[in-house]
Amino acid sequence: MIRPILAAFAVAALSGQATAPPPAADQAACPEMATALQGLMRNDARLRDWPQLLRYHDANAALAPPASGEARVVFMGDSITDNWQQPRYGGFFADKPYVDRGISGQTTPQMLVRFRPDVIDLKPKVVVILAGTNDIAGNTGPMSNEDIERNIESMAELAKLHDIKVVLSSITPTSAYHTAERAVPQTTARPMARITAVNDWMKKYAAANGHVYLDYFTAMVDGSGVMKTELTADDLHPNAAGYAVMAPLAEAAIQKALRK
């Protein structure tokens, strides 16, 4: 039997008026309802801060302005950028004035909304943008290749307007070597044809606008045209070996941008 307090919370959550979860005793009485309500709470929080501006709000406020002569670099991206901070993947550019502002699951429209507080306001010399794979997967709704390209172009234009050098990172390849762990293979959720099409556009756009194109794709793809199995554990995210491939490529692209 569903307790009245659970039913009331469900109505409040659906209307966006829920403020606190039901007591543990009520949740224990109906675990299925409790699980559903927890999902509603997560969705409610996501809707209240859709671009996740709060994720780095405090970190941005605590970050001192760049020191004189410091070549600060901000990495803007999704989980592939976000995960780079984890020690198990080798860490994130130790002893470098590089700032990670990746957020797992994000798409280009979300990044565009938070581009000012998470990039521009930090006054970097360079921004490294890695985005698009979650757009292709439809994380925030259907997105055409043109939609992705326009959002990337908008971020690049904002950066250029504020004298920030732009590094545009290719979308990394996917594979289907670990499909037993997923209901839908990554190559289906994120087709390689779409990835290569956006990357081709990005390379041309970077060349035409004085930006640097960072080609992770070529270094991470195998002879069959998908991500090398040794570089990923889930057919999408790099593992430690994957980041070991990406790091020197990113550093070379940053130095090239700084010389422009």
Exactly one of these conditions fails for Ala183: (1) at pLDDT 95 or above; (2) closer than 25 Å to Gly242 by Cα. Give me its number.
(1)
Hey, could you check region 118-138 for residues that are hydrophobic (A, V, I, L, M, F, W, C) and assigned to a helix (DSSP H, G or I) and say which is nearest to Asp163 (Cα to Cα)?
Ile120
Answer yes or no as to whether Ala206 is surrounded by fewer than 17 Cβ atoms within 10 Å (Cβ to Cβ), of a type in the set (Gly, Ala, Ser) and not in a strand (DSSP E or B).
no
Do we have Ser170 as buried (at least 21 other Cβ atoms within 10 Å of the Cβ), within 18 Å of Val73 (Cβ to Cβ) and either touching a strand residue (DSSP E or B) at 6+ places or on another chain (Cβ under 9 Å) or charged (D, E, K, R) (or both) here?
yes
Where residues in region 211-253 are over 18 Å from Thr81 (Cα atoms) and among the acidic types (Asp, Glu), which of them is surrounded by the most Cβ atoms within 10 Å (Cβ to Cβ)?
Asp222
Residues located in region 219-242, provided they are among the aliphatic types (A, V, I, L, M) and part of a loop (DSSP other than H, G, I, E, B)
Val226, Ala233, Leu236
Which of the numbered conditions does Lys256 fail, given that it passes all the others? Conditions: (1) within 20 Å of Met155 (Cα to Cα); (2) within 18 Å of the chain's Cα centre (by Cα); (3) surrounded by fewer than 16 Cβ atoms within 10 Å (Cβ to Cβ); (4) not acidic (Asp, Glu).
(2)
Hey, Gly105 hits all of (1) in a loop (DSSP other than H, G, I, E, B); (2) over 13 Å from the mean Cα position of the chain (by Cα) but one; which does it fall short on?
(2)
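Each row is one residue, and each column tells you yes or no for (1) touching a helix residue (DSSP H, G or I) at 6+ places or on another chain (Cβ under 7 Å); (2) under 20 Å from Lys203 (Cβ atoms); (3) not assigned by TED's automatic domain parsing to the domain that holds Pro185.
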residue	(1), (2), (3)
Val73	yes, no, no
Ile80	no, yes, no
Ala94	no, no, no
Gln106	yes, no, no
Arg114	no, no, no
Val126	yes, yes, no
Thr140	yes, no, no
Ile148	yes, yes, no
Reported set for region 233-260 where residues are closer than 17 Å to Ile164 by Cα and of a type in the set (Asp, Glu) is Glu251
Kindly provide the set of residues from region 63-100 that are buried (at least 19 other Cβ atoms within 10 Å of the Cβ) and under 23 Å from Gly138 (Cβ atoms), ordered by number.
Met76, Gly77, Asp78, Ile80, Thr81, Asp82, Asn83
The residue that is nearest to Thr232 (Cα to Cα), considering only those in region 58-102 that are of a type in the set (Phe, Trp, Tyr) and assigned to a helix (DSSP H, G or I), is Tyr89
Which one is nearest to Arg259 (Cα to Cα) among residues in region 168-194 that are in contact (Cβ under 8 Å) with a residue 60 or more places away in the chain and in contact with a Lys or Arg (Cβ under 8 Å, 6 or more places away or on another chain)?
Thr174
Starting from residues that are in contact with an Asp or Glu (Cβ under 7 Å, 6 or more places away or on another chain) and of a type in the set (D, E, K, R), keep the ones in region 225-260 and report whichever is nearest to Asp78 (Cα to Cα).
Asp234
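The values are calculated or read from the model by the stated rules, or taken from the named source; none is laboratory data. In this text, all values refer to a predicted model and were calculated from it rather than measured experimentally. All Cβ positions, glycine included, derive from the backbone under ideal geometry; neighbour counts span all protein chains shown.
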